[in-house]
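Below is one structure, written out as structure tokens, with a few remarks after it.
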Amino acid sequence: MNDRWYHEDISRPMAETLLAKAAQDGSFLVRHSESFEGALALCLLFENRIYTYRIFINEDNMLSVQASAGIKPKNFVKMPDLIEYYKQENTGLVTNLRYPVARVEEVEEEEVAIGAANVVDSTARIRSDAGRSLVTEILTRRLEEVDTAVLAQAPRGFHKALCDYIEQDVLKDAEHINSSSVDMWQLRFLLSLLTKGLSSELIQTMSALETSQSLLSNQPPPGESLQGQIASEVGVRRLLSIAEELSRVLSSIENQVKDYEPTSPDADVQDRHLEIAPVFEVKLDSFGIFLKIHLKVDIESGKLIVKKSKDGPEDKFYSHNRILQLIKSQKLQNKLVIIIDSEVKKTQRKEYVFTDSKKREAFCQLMQLMKNKHSDFPEPDMINIFIGTWNMGNASAPADIQSWFLCRGQGKTRDDTAADIPHDIYIIGTQEDTQGEREWVELIKSTLKDITYIKFKHIATQTLWNIRIVILAKPEHANRISHISTSSVKTGIANALGNKGAVGVSFMFNGTSFGFVNSHLTSGSEKKLRRNQNYINILRFLNLGDKKLGPFDITNRFTHLFWLGDLNYRVELPTQEAENIVEKIKQQQYQELLAKDQLIMEKNDNKIFLQFQEEEITFPPSYRYDRDSRDMYNYIKQKATGLKYNLPSWCDRVLWKSYPNVHVMCQSYGCTTDVVTSDHSPVFATFEVGVSTQFVSKTDPNNAASPGTINFIKCEAKLKTKSKTKFFIEFHSSCLENVVKSAEGENQESRDENLTVVWSSPPELIPIISDPEYLLDQHILICVKSTDSYESYGEGCIALQANSKEIMFNVPLEHRGEETGNFSGSYKLTISDRKQRERTYDFIQLEKDEMISNKQSKTSTHQEIPKTWERPARVAPKLSSHLLAEEAAAKARDRVPLPGLPETTPKDDSKPSSSNSESSWSKTPTMTYTNVEIPQSPLQDQESVGMVSNPLYETVDQTQNSILKKEQVIPRGLRKGTPPRVEKTPTPSTSSANQLAQALVSKESNWQVLPPVPQSRSRSYTCSEVRRLGQGVPQAKKVETKADLSHSGATSQSTGPSSLARPPLPVKSQKVLELQHAVKDYRETSELPAHAKHRGNVDVGQQTSVS
């Protein structure tokens, strides 16, 4: 149909946009139906609303419209007759058809010379040329862009014959095909020019192959020699068949040679990387003191070994089951906290600082590998994936491509200590790949075997012209991978040629679905809109995944979807900026260029790749290099039409989209620097991905609990549509036996002119299994459909979570790559009480807020409080008076507790714990203090006291024993003028403390006098945590301050009822300030709770924060 109102397969949102622009009642168009194969949809605008009617074709090939109820449908033979009939009034439609909406012609990439803004003008100009067809024009433009160096290598006369074929003969062959003829005589003549020398080449090649085959084979091949067959017939079809025979002979020779290859024992192809135990040099952060040690990860034995020197003996080790968690610091990229289960049933927190962030990541990967290997569960819940994309530039790959699979080069790369750790699955996408499929797969497998000593299993390969995707997996995963599906989509000229397009592979890994798409989109900086359309077409027509999820495109069919390839999005800058771009690349100023990256800009505008993610780009543009070098970008290309600029750009990308609340983490993203055969650099990305197992219930069916339920309380959809129809919801999930449909929702007008649909009583969903181990891995796919056309108006995904209360959700809706609204509401999940399995990927966590994490670690990691301990300390150098006062006042202002004084140590247990070998390495001298027994109050043992920290005095944790405070005096040497008067009163005023702070800083004019110290409490101890039942609270000691500085008073103790009286609050002396600011060596022992770390040698004016 060539009528202007016929729009073929445009999307429903695009049809609504065109009708909205028409803005006239009675405007209409016809498109393909999205809900029924072979049906059409008549879209009609009336009173600012769009009505959709389906057009069916019955068994007699008659057309009929699904009109209003009570109106008998009328049949038509041709579509124009149907349109003419419904232009009349009172025919069953909401109004008669009046104004047809013309379609927007979709033009090809070669038709646009200066950008998408001139698409319509270019189309009209080409069609006005009566002497040339659209196909001829397109092919002529493509021929003009072919590199002249390539044409020079073709046989003589081929270029002229190719031009003649484009100008005259291509239409003749097209007419033959349309007339049911299978012969394209003009194309045969053109190909004969290319095969003139092929006959002699085949004869020479076949002669050598037959000689080799007869030498290796015990029996000579039967029949006549192939050389005579080639000489007798040299037709194109015959040459092609002979080429296939050549391939067969080559394959046979390869198999014969393999028979002579000695078989390797299985031990040679196992995980030899497990024997590698790299050693990491780290610094142990022990309360501000850094001790140099070495950590060795022994994967095979499952141990983390601690050594004093790299080549020295083993000092101590932690088994894999004692290592509870790794916590990465985000503030310091090379810092790692290891939570260890100690022998006395409490945890220890070890803080290590690596030489750089790559070493830390490598250490974490090795620790994760060790945990996975020694896991008690037979099925993995996390796998590692390698994804590589490379535009090979129609050149053969070099023999050595190991750096690609080792993630070596520029960007976010892997450390050498972890580079040879094999991934579970390898996905390799190539474009402009002229190599044979088998040859390429064998090269990849041999490369991986050289690196990992593993013979990877070939899972799938899909090829479209020169676009290819190959998937390999570890042998042990072969039985876990199922439901393999492949597909391809052409997006070249008229969406009929496969020079551009996409190939895809999908499969199930146990209970998790994976999808992988390798695409090669339209080239050219000015063809951004065409690339966007390529992306939409791939979404619509790539047929992967579960076929039951018909309303959903590939972006919602998979738990994890990875999209890779030469996407061809460019840096959108003028060609005059070429030299400036290269200079910024040399200076690694990538962010300024990425701000003009077309893919990022289009994605931020929600035009493409909705909800997709991409790791931060820290590598240079992968295109367009000089071949055989990576020192220069060759951004100028000479063509017959003149100079063409290809500015350096990040054409080769890897993006992903996963269901909500699933684990996926990008570990590396970069490009190689030593693979130089193409003008593109290979790009790599590695991921840590969570997977679910094939659930097998461990509950006795006879004693099974009541089935679980998913109760949606209230749902609301805000749709970007003008359609006048009712809507319902479809719920899809693998945990449901069938698709569940809701009742019609109530339409409500929105202020933003969108449509709001409310469902006050959504249906109750009954999962097939209520076990939380299974159900909390599931997701609910929702699809909002119209009742008149059953077409989707938006799809989304909801993750199931367990909570005693209602769980709120708000998910975006999209349809065919376009944003269509959002879906919100709440639900309550009822499941059994069975404990959920701990996830392996929770072993490594990010410490998002270190202040909060440290506080949490104090309360959560130390469940038992040690009775006694020894805390060595070192003497700090004397600090100036104004510095001490400044820090004391700053701490008082910020209400941060100062460092603690040395604790008491009982005489019978004065040695440090032997379970922590690192604590014995420090040479810091130990200061021993006299033991003082402090009785506990009976009343305080019965109550939990919650107190705030006193900013001037030591914070006493209820988890510690009481701290002895010695008599505080002011040294004469520090007195300037008249010292503050010290009152021996039970409750001194804060003015004395303020006067002390101000007096010490008064001589320094450049120091700001801080605000007065807050009113102190009448007790000399504070508590920031709630004491547990039965735990004693430390008692404060009365301290007398003497005027005679040479005399030191004894500490008095209160016993019996007198201990309940509040002791007087002393004024802090300079000696106490020195002790509080001394850099202490808090050695980590199994008995010591985690305290806030303090830095030593604090700079002038720097405040010490304690968490």
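The values are calculated or read from the model by the stated rules, or taken from the named source; none is laboratory data. These numbers were taken from a predicted model, which means no experiment stands behind them. Using ideal geometry, Cβ is built from the backbone for each residue, glycine included, and neighbour counts are taken over all protein chains shown. For the accessible areas, the whole protein counts, side chains as well, though only heavy atoms, and no ligand, DNA or RNA atoms are used. Shrake-Rupley method; radii C 1.70, N 1.55, O 1.52, S 1.80 Å.
Can you give me the long-range amide H partners of Gln845? Hydrogens built in the peptide plane at 1.01 Å from N, cutoff under 5 Å, separation of 5 or more residues or another chain.
Leu326, Ile327, Lys328
How much length is gained if the chain between Glu245 and Glu592 is pulled fully straight, taking 0.36 nm per residue apart and subtracting their Cα-Cα distance, in nm to one decimal?
119.5 nm
Rounded to the nearest 10 Å², what accessible area does Ser309 have for a 1.4 Å probe in the complete protein model?
50 Å²
Tell me, in nm to one decimal, what length is gained between Thr355 and Asp60 on full extension, where the rule is 0.36 nm per residue of separation less the Cα-Cα distance?
98.4 nm
Going 7 Å from the Cα of Ala395 along its beta-carbon direction, which residues of region 637-664 have the amide nitrogen within less than 20 Å of the resulting point?
Answer for region 637-664: 637-639, 644-653.
Run the 1.4 Å probe and let me know the accessible area of Glu314, rounded to the nearest 10 Å².
The accessible area comes out at roughly 100 Å².
Starting from the 7 Å offset along Cα-to-Cβ, what nm value, one decimal, do you get for the label separation of Arg322 and Asp628?
Rounded to a tenth, the inter-label distance reads 5.9 nm.
To the nearest 0.05, how large is the calculated FRET efficiency for Arg839 and Met601 if R₀ is 25 Å and r is the Cβ-Cβ distance?
0.10
Between Glu300 and Lys828, how high is the FRET efficiency from 1/(1 + (r/R0)^6) when r is the Cβ-Cβ distance and R₀ = 41 Å? Nearest 0.05.
After rounding to 0.05, the efficiency reads 0.30.
Return the subset of Lys78/Lys720; Lys346/Lys371; Lys78/Lys500; Lys359/Lys596; Lys445/Lys637; Lys548/Lys785 for which the Cα-Cα distance in this structure is over 25 Å, preserving the input order.
Table pairs above 25 Å Cα-Cα are Lys78/Lys720; Lys78/Lys500; Lys359/Lys596; Lys445/Lys637.
With +1 on each Lys and Arg Cβ and -1 on each Asp and Glu Cβ, and nothing else charged, work out how big the dipole of region 424-541 is about its Cα centre, in Debye to the nearest 20.
340 debye
When ranked by the protection proxy of mean other Cβ atoms within 10 Å per residue, highest first, what sequence do the peptides 713-719, 17-23 form?
713-719, 17-23
Sort 646-654, 544-552, 805-813 by packing, meaning the average of other beta carbons within 10 Å per residue, with the highest value first.
Top to bottom by mean Cβ count within 10 Å: 646-654, 544-552, 805-813.
Arg408 accessible area, nearest 10 Å², 1.4 Å probe?
So the heavy atoms of Arg408 present about 110 Å² to solvent.
For a quick check: with amide H placed at 1.01 Å from N, whose amide H comes under 5 Å from Thr618's, ignoring anything fewer than 5 positions away on the same chain?
Residues meeting the amide H criterion: Lys412.
Which value, in debye to the nearest 20, gives the size of the charge dipole of region 562-622 about its Cα centre, when Lys and Arg are +1 and Asp and Glu are -1 at the Cβ?
Charge dipole, region 562-622, about its Cα centre: 40 debye, nearest 20.
Please find the FRET efficiency linking Gln613 to Ala802, where r is the Cβ-Cβ separation and R0 is fixed at 30 Å, and quote it to the nearest 0.05.
The pair Gln613/Ala802 has a calculated efficiency of 0.70.
Using the Cα centre of region 490-641 as origin and beta-carbon charges of +1 (Lys, Arg) and -1 (Asp, Glu), tell me which of Leu521, Gly545, Ala578 is placed farthest towards the positive end of the dipole.
Gly545
Residue separation times 0.36 nm, minus the C-alpha to C-alpha distance between Glu210 and Ser35: what's the value?
57.3 nm
Rank by packing, highest mean first: peptides 372-379, 296-303, with packing defined as the count of other Cβ atoms within 10 Å averaged across residues.
296-303, 372-379
Please compute the modelled spin-label separation between Glu577 and Asp311, points set 7 Å along Cα→Cβ, answer in nm with one decimal.
Calculated label separation equals 5.5 nm.
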